[in-house]
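Worksheet: one structure, shown below.
The values are calculated or read from the model by the stated rules, or taken from the named source; none is laboratory data. Keep in mind that this is a model prediction, so the values were computed, not measured. When we count neighbours, we look across all protein chains shown, and the Cβ atoms used for this are built from the backbone with ideal geometry, even at glycine.
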Ligand code: NAP
């Protein structure tokens, strides 16, 4: 299926590895020119080279912290009028809400709610003028299935969901869609480090913890980041202009509800 987005431009935030990288790669395979971003420069450069070599697309790395005004300005300078925006950032740490102070909340809300909103604000009017825009926010299954130890994530990301619910209805008539992808457990460095911590806090090996955690999922496995990347590219397809304001769980069936 030709997604009809060859020649378009995309900003994919937080994408030197993991889910963001997978989105950048899938878009680049469709012929989209991508700006990728992370704080660390070395891995970002290597990722840019890898995706460029594999896809032939233009891949521009911009090393900066996307949660800061300076970082956002740097990324937007590299791609002022993107057709596609994929919002992503690091996730907040787990913990007990009694231990979090105002600063912890502000950090989480800045990364996982305000930053995506600022990036949307900076790009959505250009998309409206172009009569094409696709905005995909990578959030978490925690917006649908609150995870008690991830209170910062549950709260901040659900705030973003509330904002985009209203925005998506305002931009739909301009062929600008706003949707969210809600990952369950995908095998990225983030997931691997949480498995490592779980193994250290138990008398099980990493492989035993990994197998037990994978077995908890109806699919019996973790998601492959490439699956989420391809879903992101599909959501950005020309054919998807009638789909907006939606939250797509990708969790191997972990959410137990009928809808
Ligand atoms: P990951 O493998 O650790 O990759 C995170 C990427 O984001 C890296 O490229 C990192 O590079 C970049 N990054 C982090 N903070 C940044 C910032 N402030 N500015 C720019 N780039 C930044 O993580 P992941 O598993 O792909 O997770 C991506 C998002 O999905 C996170 O918010 C996570 O909470 C959420 N999520 C993941 C899963 C999962 O199972 N993997 C499930 C639910 C939700 P630098 O460190 O160099 O900046």
- Note down all Cβ pairs under 7 Å where the first residue falls in the range 135-147 and is within 14 Å of residue 256 (Cα to Cα), the second is in a loop (DSSP other than H, G, I, E, B), and they're at least six residues apart or on different chains. 141/184; 141/251; 141/254; 141/255; 144/255; 145/255
- Note on the range 132-148: residues at pLDDT below 95 and away from the ligand (no atom under 13 Å from the Cβ) are 148
- Query: Just to be sure, is residue 182 in a helix (DSSP H, G or I), within 16 Å of the ligand (Cβ to nearest atom), touching a strand residue (DSSP E or B) at 6+ places or on another chain (Cβ under 7 Å) and in contact (Cβ under 8 Å) with a residue 24 or more places away in the chain?
  - Reply: no
- If you scan the range 1-38, which residues turn out to be within 16 Å of the ligand (Cβ to nearest atom) and surrounded by fewer than 22 Cβ atoms within 10 Å (Cβ to Cβ)? 17
- Item | Pick from the range 190-230, criterion under 27 Å from residue 134 (Cα atoms) and part of a helix (DSSP H, G or I), ranking: nearest to the ligand (Cβ to nearest atom) | 190
- All positions within the range 43-88 that are more than 10 Å from the ligand (Cβ to nearest atom), assigned to a helix (DSSP H, G or I) and in contact with a helix residue (DSSP H, G or I) (Cβ under 6 Å, 6 or more places away or on another chain): 51, 55, 76
